[in-house]
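Structure first, commentary second.
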Amino acid sequence: MKKKLMTLLCSLLMTLGFSASALAAEVGYVDWNAVVASYPGIKTVAQEVVAEKTRLQEQFNTEAKALATDQEKIELANKLNAQMAKFEQAKYEPINKKIRRTILRVAKTNNIDSVVNAGVMIAGGKDLTQEVIAALNVK
């Protein structure tokens, strides 16, 4: 009786395993860095970020001279770092959102439910990078 039950259980598990793998959706992957690097206007945005960072560094250097304590300098640095973070977010977040929307649209076109960054893919999957870049560069 035990042997029949084990055989039945193993058969059931094998059947479920095969049917589950047959229903598994293909995974897509995107090289995020390549997509961002090819984004229209990204070099201009990066230059603006560098210019703002330089401006804030110069502001810190100027204002820090007048401060008496290290604590005051730390507070100034924290304030300027927060400004920089807000500036970067304002510049990059719209780009990131547009890229994510484009990835989802390309994935849907390819009947892909899940998309991961190319760096985490070990084997398999469909590379959507070039399709995403093409979709972003269409005006």
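The values are calculated or read from the model by the stated rules, or taken from the named source; none is laboratory data. Keep in mind the model is a prediction, meaning the values are calculated, not measured. As a convention, Cβ positions derive from the backbone with ideal geometry for all residues, glycine included, and neighbour counts pool all protein chains shown.
Observations on the model:
- Neighbours by Cβ (under 7 Å, 6+ apart or cross-chain): first from segment 81-108, in contact (Cβ under 8 Å) with a residue 24 or more places away in the chain; second basic (Lys, Arg) and surrounded by 13 or more Cβ atoms within 10 Å (Cβ to Cβ): MET84/LYS53
- Qualifying residue in segment 26-48 (condition: modelled with pLDDT under 95, under 30 Å from ALA123 (Cα atoms), more than 18 Å from the chain's Cα centre (by Cα) and surrounded by 10 or more Cβ atoms within 10 Å (Cβ to Cβ)): yes
- Only residues that are farther than 27 Å from VAL50 by Cα and among the polar types (S, T, N, Q) were counted in segment 87-128, giving 4.
- Residues in segment 100-135 that are among the hydrophobic types (A, V, I, L, M, F, W, C) and at pLDDT below 90: ALA118, VAL120, MET121, ILE122, ALA123.
- Selected residue (only one of ILE122, ILE103 is loosely packed, with under 14 Cβ neighbours inside 10 Å and within 25 Å of VAL36 (Cα to Cα)): ILE122
- Taking (1) loosely packed, with under 13 Cβ neighbours inside 10 Å; (2) more than 30 Å from ASN61 (Cα to Cα) in turn, GLU93 satisfies each apart from (2).
- Being at pLDDT below 95, hydroxyl-bearing (Ser, Thr, Tyr) and surrounded by fewer than 12 Cβ atoms within 10 Å (Cβ to Cβ) is a condition met by at least one residue of segment 68-88.
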